[in-house]
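What follows is calculated from the coordinates using simple rules that are stated; it is not laboratory data. None of the values given here were measured: they were computed from a predicted structure. Here the Cβ is made from the backbone with ideal geometry for all residues, glycine too, and neighbour counts use every protein chain on show.
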Amino acid sequence: MNVLVLNCGSSSLKFAVIDPDTSVEHVSGIAQRLGSPEASLDVKRNGTKSTRPIPGALHDEALHGVVDALKELGLADGLLAVGHRVVHGGSKFAGSMAITPEVVAKMEECIPLGPLHNPPNLVGIRIAQSLFPDLLQVGVFDTAFHQTMPPVAYTYPVPFEWLEKHSVRRYGFHGTSHRFVAREALRLAGLPADDHAIVTAHLGNGCSAAAIRNGKSVDTTMGLTPLEGLMMGTRCGSIDPAIIGHVADATGKSAKEILDSLNKKSGLLGVSGLSNDMRTVEEAASNGNDRAKLALDIFCYVLAKTIAALVVPLGRLDALVFTGGIGENSTTVRAMTLGRLGFLGLALDEAANAKHGRAQHGRITTGTKPQALVVPTNEELMIAEDAAQIARGA
Ligand code: AMP
């Protein structure tokens with residue numbers, strides 16, 4: 001039986017129909033630019049994509065369009081459950097949950113922590129509940145996997161009442177991806193489920209790394225929000241927080257405006273002045289563009305430094321996993337990062353690095369202890385598996 005996986009963003013809606021038992025994805029797609037005259041719905045099946053315009057459509061109309069597409073493909077009937085990606089579960093969710101009125105109320109309490117993401121996630125849940133009233137809906141939270149972090153990893157050294165009164169602590173994100181690739185890495189590297197130490201690096205437009213000990217996240221780089229940690233496409237990652245006051249004094253901009261620049265105009269885009277897209281930055285760097293070279297250098301330097309720091313909570317390193325659009329595809333980023341981590345015993349296998357990518361995964365180091373691996377992520381499959389497991393147990 002199939003699971004419908006939904007990921008509702010502020011102006012987009014991604015979907016997939018997946019058989020969690022065979023891992024087969026029957027169809028996937030995205031409705032984008034919702035609310036604008038250019039809104040469209042892309043449906044991908046068997047490697048071919050069809051696009052239909054849905055001008056002015058909001059989430060409701062887009063999801064009706066998805067259901068129509070599923071009906072045409074004979075995939076709308078016999079669904080087992082609907083799995084929803086939910087970005088911020090705060091400290092309230094340590095695992096995926098069947099969505100009940102009480103769970104929705106708790107998700108609403110998390111809105112102040114995820115003001116941009118949680119409201120559209122909830123919109124998607126409400127529409128799916130009305131379209132599929134007989135199906136179990138399951139929430140899968142980006143933060144849940146990191147709820148196993150100990151206080152020493154999640155507590156910020158700030159006034160303690162900020163934690164007590166305002167929930168200011170590190171939560172971490174990309175949990176579904178870190179959980180999925182760690183599981184795949186165990187299998188690929190032949191590591192025991194009850195004794196392993198892995199660092200996973202999810203490098204996409206957003207980037208985060210996690211330290212995973214025996215299947216549990218013990219530390220991660222993103223924090224209260226996805227702005228902390230590694231350098232990203234448009235986000236700065238960790239910086240001196242006093243920069244906000246300094247730039248406010250120097251420019252007269254508000255903290256909100258400066259935060260907007262740290263989220264949308266920093267990272268690869270900010271340093272290179274060219275693009276948030278690693279492909280563009282790499283190409284410009286290889287053509288001698290100095291700022292692109294610097295952006296690429298900082299990206300790999302911060303990544304290597306952070307990976308080494310994440311070995312501290314693990315006590316040792318068995319495997320390092322690269323995933324996400326950059327981690328799966330950029331031979332350059334992997335080579336430059338591993339080039340700085342030789343002291344951990346990681347030695348790049350250039351031939352393996354050159355051939356591994358989204359289509360072919362596996363080890364890219366010469367040694368096996370520790371080893372670095374490329375593992376394509378599949379958050380949708382993980383959501384489908386969770387939803388199926390809960391639906392069958394329910
Ligand atoms: P994601 O958010 O996981 O889709 O990843 C997006 C990022 O992956 C962007 O920065 C892309 O430039 C990057 N990316 C995709 N393909 C490649 C590639 N062949 N080489 C370098 N970066 C890539």
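Here are the numbers for the structure shown:
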| read-out | value |
| --- | --- |
| Projected-area mean, the range 256-394, by convex hull of Cα positions, square nanometres | 11.9 nm² |
| Cut-off 14 Å between beta-carbons: net charge of the residues surrounding L186, Lys and Arg +1, Asp and Glu -1 | +2 |
| Under-5 Å amide H pairs with S40, H placed in peptide plane, nonlocal only | Q32, I54 |
| Euclidean distance between Cα centres, the range 36-71 to the range 253-269, Å | 32 Å |
| Peptides 333-340, 95-102 ordered by average Cβ neighbours within 10 Å, highest first | 333-340, 95-102 |
| For the chain, the spread of Cα positions along each principal axis, largest first, Å | 55, 54, 45 |
| Derived scalar couplings ³J(HN,Hα) [the range 333-345; Karplus, 6.51 cos²θ - 1.76 cosθ + 1.60; whole Hz; x for Gly, Pro] | 4, 5, 5, 5, 5, 5, x, 8, 10, x, 5, 8, x |
| Normalised convex hull volume, the range 1-159, alpha-carbon set, Å³ per residue | 134 Å³ |
| L6 long-range amide H proximity, modeled H, under 5 Å | G83, H84, R85 |
| Mean-position separation - Cα centroids, the range 104-120 and the range 365-394, in angstrom | 26 Å |
| Alpha-carbon centroid distance for the pair the range 278-332 / the range 196-245, whole angstrom | 13 Å |
| MRE, 222 nm, helices only [DSSP H, n ≥ 4, -39500 (n - 2.57), over the chain, to nearest 500] | -12000 deg cm²/dmol |
| Bins of 5 Å from zero: percent of alpha-carbon pairs in the range 166-279 | 2, 11, 18, 18, 16, 13, 9, 6, 3, 2, 1, 0 |
| Residues D386, D260, D42, D134 arranged by fewest to most Cβ contacts within 10 Å | D134, D260, D42, D386 |
| Three-way shape call for the range 95-229 based on the alpha-carbon gyration tensor, with the a/c threshold at 1.5 | oblate |
| Residues Y154, Y301, sorted so that the one with the fewest Cβ neighbours within 10 Å comes first | Y301, Y154 |
| Amide H within-cut-off set for A372, under 5 Å, with H built and near neighbours excluded | L320, I364, T365 |
| Relative contact order (%) - criterion: Cα under 8 Å, at least six apart; region: the chain | 15 percent |
| Calculated from backbone phi, Karplus (6.51, -1.76, 1.60) coupling profile of the range 182-187 in Hz, x at Gly/Pro | 5, 4, 5, 5, 4, 5 |
